[in-house]
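S.K.: Dumping the structure here so I can ask a few things about it.
The values are calculated or read from the model by the stated rules, or taken from the named source; none is laboratory data. Not measured: the values here are computed from a predicted model. Heads up, the Cβs are rebuilt from the backbone with ideal geometry, glycines too, and the neighbour counts pull from every protein chain shown. The protein model used for the area step is the full one, side chains on, heavy atoms only, and it has no ligands, DNA or RNA in it. Shrake-Rupley method; radii C 1.70, N 1.55, O 1.52, S 1.80 Å.
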Amino acid sequence: MTAQASAIPFGRDRNLLGVGLFIASESLFFLAIVSAYVVFRAQGLATARAELDVGRTALFSALLFASSGTVSLAVSRRSRAWLALTALLGAAFLAGQGLEYARLLGGGLRPASGLFGTTFFTLTGLHALHVLVGLVLLATLLAVSTARPRRLGAAAWDGIAMYWHFVDAVWVVVFSVVYLGTLVG
C-alpha cells in the first residue's frame, strides 16, 4: 500500500485525527453534563435567576468568543501576535469566571449547597479546566513558535486551534443553557 493510498481523509496529519477523536469524546462528555443540568434545571431555576449575573458573564464570554477569531488569524498567518492575543482573551475569560465564582461563593452558593450549585459548579468548573488546558497549549505553541519556528508543523497550529474552537463552542452551549436559560421558562 502506498503512502497516498493509506492517507487518512482527516486533514494533513494523523495527529489531527487524534485531536478530532479526542474532541468528539470530550463533546460526548459535555453533552452528558449539559443534559444532566437540563434535566434538573427546573429544580434550580429560582436559584439561578437570583444568583447568576447574565450581563457580567456575557461580557467576559464575548472575550472567549472573540478568541475564536484571533486563533483563526493566528493559524492562517502563523502569527505569534494573534496567538498571544488569543491567550490573553482566554485568560481574561478565565479571570472573569473566577470573579463570578468568588461572587457566588461569597454569597453562599457552593457546590454542595443544593442541586443547582452542584450542577452549575460541575459544568462551569469542567469548562474552566478545559480553558486552562487550552491556555497551556497556546502558551506552549507560542514558546515553540518563538524558539524553533521552523520545527513547528502545520498540524501543531491546526490541532491547538481545533481544541480552542471546541472550548469556545462548548461555552456557547453552556452560556446559552445556564445563563440565557435563566431569562426564559
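S.K.: Which one of the conditions (1) assigned to a helix (DSSP H, G or I); (2) at positive phi; (3) not aromatic (Phe, Trp, Tyr) does GLY108 fail to meet, given that it meets all the rest?
M.R.: So the condition that GLY108 fails would be (1).
S.K.: Quick one: in the stretch 96-149, of everything that is among the aromatic types (Phe, Trp, Tyr) and open to solvent by less than 30 Å² (accessible area, probe 1.4 Å), which residue is farthest from TRP164 (Cα to Cα)?
M.R.: So the residue we want is PHE116.
S.K.: Of the conditions (1) in contact with a His (Cβ under 8 Å, 6 or more places away or on another chain); (2) under 19 Å from VAL144 (Cα atoms), SER68 fails just one. Which one is it?
M.R.: Failed condition: (2).
S.K.: What single numbered condition from (1) over 30 Å from GLY106 (Cα atoms); (2) open to solvent by 80 Å² or more (accessible area, probe 1.4 Å); (3) at pLDDT below 95 fails to hold for LEU17?
M.R.: (2)
S.K.: Let me spell it out: the conditions are (1) more than 20 Å from LEU126 (Cα to Cα); (2) without any contact (Cβ under 8 Å) to a residue 24 or more places away in the chain, and SER35 meets all of them except one. Which number is the exception?
M.R.: (1)
S.K.: Among the residues of the stretch 55-74, what is the count of those that are open to solvent by 30 Å² or more (accessible area, probe 1.4 Å), within 16 Å of LEU183 (Cα to Cα) and touching a helix residue (DSSP H, G or I) at 6+ places or on another chain (Cβ under 9 Å)?
M.R.: 2
S.K.: Within the stretch 30-51, is even one residue outside any helix (DSSP H, G or I), surrounded by 14 or more Cβ atoms within 10 Å (Cβ to Cβ), on the phi < 0 side of the Ramachandran plot and of a type in the set (A, V, I, L, M)?
M.R.: Within the stretch 30-51, not a single residue is outside any helix (DSSP H, G or I), surrounded by 14 or more Cβ atoms within 10 Å (Cβ to Cβ), on the phi < 0 side of the Ramachandran plot and of a type in the set (A, V, I, L, M).
S.K.: Please enumerate the residues belonging to the stretch 75-88 that are open to solvent by less than 50 Å² (accessible area, probe 1.4 Å) and either over 26 Å from ALA147 (Cβ atoms) or not in a helix (DSSP H, G or I) (or both).
M.R.: SER79
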